[in-house]
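Taken together, the values in this text are just the output of simple stated rules run on the coordinates, not laboratory data. Please read all numbers here as calculations on a predicted model, not as lab measurements. Here the Cβ positions follow ideal geometry from the backbone for every residue, glycine too, while neighbour counts run over all protein chains shown.
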Amino acid sequence: GNSVTQMEGPVTLSEEAFLTINCTYTATGYPSLFWYVQYPGEGLQLLLKATKADDKGSNKGFEATYRKETTSFHLEKGSVQVSDSAVYFCALRLTGANNLFFGTGTRLTVIP
Amino acid sequence: DTGVSQNPRHKITKRGQNVTFRCDPISEHNRLYWYRQTLGQGPEFLTYFQNEAQLEKSRLLSDRFSAERPKGSFSTLEIQRTEQGDSAMYLCASSWTSGGAETQYFGPGTRLLVL
């Protein structure tokens with residue numbers, strides 16, 4: 001079936017550290033891939049997306065590249081800030097479908 | 001701010017009672033989605049509307065659940081005869097699509113606790 005697997009958290013980093021949150025997927029066809037972020041007390045917000053293989057999504061210093069050969073969409077940021085502390089969700093949408101399939105989320109805490 | 005709003009933000013009820021949640025999407029968005037999120041899990045799709053038509057329902061949506069979007073604007077999600085297993089965060093999202101790629105914008109959610 002279709003699924004999204006994220007690295008388990010929580011992840012704790014010091015400010016200015018490099019961040020990687022792994023995400024791999026299983027899906028039929030060529031899905032669109034997304035990263036959503038949920039800050040404390042707020043709703044899910046789209047962080048970035050990629051709709052085809054080799055596309056790179058980027059926003060707010062975060063990047064993720066759609067890798068079809070490894071069925072991955074890992075999230076990276078070169079230098080995290082305390083304000084990046086949140087829960088990050090990887091998600092996919094199948095071609096021709098409308099709903100999103102989410103991973104279980106990875107909680108990131110950045111300490112000063 | 002004209003984002004997606006949900007009411008109430010929190011609901012505590014006793015098992016067997018009925019509850020109703022409301023979602024107001026971003027104005028002019030033609031699609032509206034309901035998801036459920038349990039602790040430690042990602043959101044799971046329940047159902048979605050295009051305008052007033054309910055086009056898809058997940059197998060998670062048992063017959064105790066009903067959703068409406070009567071005028072193609074706000075939506076309600078009702079749970080009848082609540083069970084403790086219904087305790088979760090209920091998320092609403094809306095989007096605009098004309099057939100191409102769409103982005104779903106999420107509300108803050110309604111957290112339900114069934115005692």
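Per residue, how big is the convex hull around the C-alpha atoms of the range A:12-51? Give it to me in cubic angstrom, could you? Don't skip to the answer; put the middle values down first.
Working: hull volume 4.6 nm³, N = 40.
With only Cα atoms used, the range A:12-51 gives 116 Å³ per residue.
One decimal place: the segment A:Glu16-A:Asn2 gains 1.5 nm when fully extended, by the rule 0.36 nm per residue minus the C-alpha distance. Cα convex hull, chain B: 103 Å³ per residue, rounded to a whole number. Computed on chain A, with alpha-carbon pairs under 8 angstrom and 6+ residues apart, the relative contact order is 37 percent.
Which of the peptides A:10-18, A:69-77, B:85-93 is most tightly packed, and how do the rest follow, going by the mean number of other Cβ atoms within 10 Å of each residue? Intermediate values should be presented prior to the final figure.
Values: A:10-18: 12.4, A:69-77: 17.1, B:85-93: 21.0.
Top to bottom by mean Cβ count within 10 Å: B:85-93, A:69-77, A:10-18.
Structural size metrics of the range A:39-112, computed from C-alpha coordinates, are Rg and Dmax of 13.2, 44 Å. Evaluating 6.51 cos²θ - 1.76 cosθ + 1.60 at θ = phi - 60° for every residue in the range B:103-112, the Karplus couplings come out as 10, 8, 10, 9, x, x, x, 10, 8, 10 Hz, glycine and proline recorded as x.
For the range B:7-98, the relative contact order is 39 percent, taking Cα pairs closer than 8 Å that sit 6 or more residues apart in sequence and dividing their mean separation by the residue count. Rounded to 0.05, the FRET efficiency of the B:Glu28 and A:Ile111 pair, given R0 = 30 Å and the Cβ-Cβ distance, is 0.10.
If R0 is taken as 30 Å, the Cβ-Cβ distance between B:Lys57 and B:Leu115 corresponds to a FRET efficiency of 0.65.
For the pair the range B:1-71 / the range A:1-76, the C-alpha centres are spaced 25 Å from each other.
Can you flag which of A:Lys49/B:Lys57; A:Lys52/A:Lys77; B:Lys11/B:Lys57; B:Lys14/B:Lys57; A:Lys77/B:Lys11 are past 28 Å Cα-Cα? Please list the in-between numbers first.
Numbers: A:Lys49/B:Lys57 25 Å; A:Lys52/A:Lys77 21 Å; B:Lys11/B:Lys57 24 Å; B:Lys14/B:Lys57 26 Å; A:Lys77/B:Lys11 37 Å.
Over 28 Å Cα-Cα: A:Lys77/B:Lys11.
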